[in-house]
Every structure is written in structure tokens, then in C-alpha cells.
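Just so you know, all these numbers are worked out from the coordinates, no wet-lab data involved. No experiment lies behind these values; they were computed from the predicted model shown. Neighbour counts run over all protein chains shown; Cβ positions are idealised from the backbone, glycine included.
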Amino acid sequence: MGDKSKLKTRALERIHILFSNAAKADQKTANRAVKLARTIQTKFKVRMPEQFRYRFCKHCLTYWNSTTVRIRTRNGKVVFLCRVCKHIRRKPYR
């Protein structure tokens, strides 16, 4: 049991590192980092940390920055529109 929890903590650390590198990198490298983070997440069955859940498109796995996402508020929700695949995500904020 101890080995599994160690693996999960290492996986979460790796996800943190990948997203911190994605914030500094160009778009192509950032997209690759998001794909690796999703692979790690699914392989080790860990939840994506709260601060990273809305930093990428769940549909096309594009890392979001000011040029790849449009963010609006509407009817008590934050609406994220991916400009790459036109996928819409909504997050309640009330």
C-alpha cells in the first residue's frame, strides 16, 4: 500500500512540474506538457489538481493562454471557449 501512495505523490509532483514548465514554454511545448500530464493522471489514477483543471481544453488538450481561450462570465458561470477546437466549458462561480 505504501508504494501506491508514493507513486501517486510522485505523479502529482510531476504534474505540477509539467504545468509550471508549460506556463513558460511556447504553445507547442505547452500542449505536449498537457498531454503528458493527462497521461500521468490517467495512468496513476490521480485527480487533476484544482489549479490546473481549467488551464487546458479537455477536448483537444490545448494549453490555454490569452490567445487560445476566450473567457466570459454569463448567468453565474464562467464560460471558456477554446479557440482551437471551439469546445465550450462552463464553471459556476457563485
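Below, the figures for the structure above:
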read-out	value
Residue count for segment 19-52, restricted to those that are under 20 Å from Ser66 (Cβ atoms) and of a type outside the set (S, T, N, Q)	12
Close pairs from segment 1-26: first of a type in the set (D, E, K, R), partner in a helix (DSSP H, G or I), Cβ under 6 Å, at least 6 apart	Lys8/Phe44; Arg14/Ile40
Condition met for Val84 (outside any helix (DSSP H, G or I), of a type in the set (Val, Ile, Thr) and touching a Leu at 6+ places or on another chain (Cβ under 8 Å))	no
Pairs, first closer than 12 Å to Phe56 by Cα in segment 73-88, second hydrophobic (A, V, I, L, M, F, W, C) and surrounded by fewer than 10 Cβ atoms within 10 Å (Cβ to Cβ), C-beta under 6 Å, six or more apart	none
Of the criteria (1) closer than 16 Å to Ala11 by Cα; (2) over 13 Å from the mean Cα position of the chain (by Cα), which one Pro49 fails	(2)
Selection count where residues are touching a helix residue (DSSP H, G or I) at 6+ places or on another chain (Cβ under 9 Å), part of a helix (DSSP H, G or I) and surrounded by fewer than 16 Cβ atoms within 10 Å (Cβ to Cβ), scope segment 21-31	4
Residue match in segment 58-76 (condition: under 13 Å from the mean Cα position of the chain (by Cα) and among the aromatic types (Phe, Trp, Tyr))	yes
Any hit, segment 53-64, residues being on the phi > 0 side of the Ramachandran plot and either in contact with a Lys or Arg (Cβ under 8 Å, 6 or more places away or on another chain) or in contact (Cβ under 8 Å) with a residue 24 or more places away in the chain (or both)	yes
